[in-house]
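Readers should treat all values here as calculations from the given coordinates under stated rules, not as data from a laboratory. Since we're looking at a predicted model, the values are computed, not measured. Because the Cβ atoms are built from the backbone with ideal geometry, glycine has one as well, and the counts that use them run over all protein chains shown.
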Amino acid sequence: MKIGIIGLGLIGGSLAMSIRKHTEHTVFGYDIDRQVMLRAKAVEAIHDELTEDMLPGCDIVLVSLFPQLCADWILAHADAFGKGALVIDCAGVKRHVFDQVAPAAANREWTYIGGHPMAGREFSGFANARANLFENASMILCPPAEAGIEAREAAKAFFLEAGFKMVRFCTPEAHDQMIAYTSQLAHIVSGAYVKNPLARDHKGFSAGSFLDMTRVARMNEVMWTELFLENDDLLLPALDDLILRLNQYRDALAARDPEQLLPVLREGRVAKEALD
């Protein structure tokens, strides 16, 4: 198949590398940064540059841009995709893109599916892309109601072939609910935690816990501002819940009451063990 990838940052670049590593598909890519294009071709992440006239011949088009740019680009090229093509965005929130693109794609001869590769690094850009980024990752797919079983199964088969460990289907609403908790809230906690003045003197006093807590604080603030604000209705309740629970720990400590603190700590341990 011919695969087109728009945006060769961390995710788009890693998708290109992973597809080339695991499949025999031909990969065409495009990035607005010409240096990225030169680098992508030099390291053979892509076979060649994806041009406008090549879009109709692509079997699958993966759009890996910021959420609003994903929607804008797909809508701007709605007349260019070939019959039977799969067009899949890889943005970190789904409702915002899905609600704009799905209605426009409903009566087309190509199929739109919202997607989100559940992998990443604290470093962004093509320079940090890796062919093995998705080897233990899941791919979330959010198909519209009109997407047939054949298109859904084709998308699932493609991502499994491309190196993903599993594929999960859900609604855009379910995706954004979970992402608010599993990803976005974690980035907020990390960013707040590392602002403590003691962090500057952590060397020699920190081990795995500090590294785990601070890793994702090194975020692309432009992208994450957009992601947070486009999902604020689900992120705010998750943040409020965390603040409520943190206050339980604070209140127990302030009271210097082991009978109050022990159950709070035990509940955390039990909750974690239930996930294992």
I want the antiparallel fraction of DSSP beta bridges within the stretch 113-217, as a percent rounded to 5. 50 percent
With 22 Å as the cut-off, how large is the P(r) tail for the stretch 68-160, expressed as percent of Cα-Cα pairs? 31 percent
Net charge near A40: determine it from the other residues with C-beta under 9 Å of the C-beta of A40, scoring Lys and Arg +1 and Asp and Glu -1. -1
Mind checking which lysines have their Cα closer than 17 Å to the Cα of K165? Skip sequence neighbours fewer than 8 apart in that chain. K21, K156
Using the Kirkwood radius built from alpha carbon pairs, what does the Stokes-Einstein equation give as D for the chain at 4 °C and 1.567 mPa s, in µm² per second? 64 µm²/s
Between E267 and D99, what is the label-to-label distance in nm when each label sits 7 Å out along the Cα-to-Cβ direction? 3.3 nm
Counting other Cβ atoms within 10 Å of each Cβ, which GluC sites (Glu not before Pro) in the stretch 1-75 have at most 14 and sit in a DSSP loop? E24, E44
Would you kindly compute the Cα radius of gyration of the stretch 219-276 and its largest Cα-Cα separation (Dmax), both in Å? 15.9, 44
Selection of chymotrypsin sites (Phe, Trp or Tyr not before Pro), the stretch 173-276, meeting DSSP coil and at most 16 other Cβ within 10 Å: F205
For the chain, list the DSSP H helices whose alpha carbon atoms reach 30 Å or more along the long axis and whose average Kyte-Doolittle value is 0.0 or above? 232-255
Zero-based 5 Å bins, Cα pair distances in the stretch 191-236, whole percents: 5, 18, 22, 20, 15, 11, 7, 2, 0
For C58, list long-range residues whose amide hydrogen, built 1.01 Å from N in the peptide plane, is under 5 Å from its own amide hydrogen. G82
Environment charge of R245, counting only residues whose C-beta is closer than 13 Å and scoring Lys/Arg +1, Asp/Glu -1: -3
Please build a GNM for the chain, connecting alpha carbons under 10 Å apart, and tell me which residue among A71, A85, A42 fluctuates the most. A42
How much length is gained on full extension from L38 to A254, taking 0.36 nm per residue of separation minus their Cα-Cα distance? 71.9 nm
Suppose each label sits 7 Å from its Cα in the direction of the beta carbon; what would the F205-H22 distance come out to in nanometres? 4.3 nm
If you wrap a convex hull around the Cα atoms of the stretch 1-135, how much volume per residue is inside, in Å³? 96 Å³
Between the alpha carbon centres of the stretch 109-174 and the stretch 239-276 the gap in Å comes to 35 Å
As a test of the formula, what do you get for the chain when each DSSP H run with n ≥ 4 contributes -39,500 (n - 2.57) and the sum is divided by the residue count, at 222 nm and rounded to the nearest 500 deg cm²/dmol? -14500 deg cm²/dmol
Given a Förster radius of 51 Å and the C-beta distance between K195 and E150 as r, what FRET efficiency does 1/(1 + (r/R0)^6) yield to the nearest 0.05? 0.55
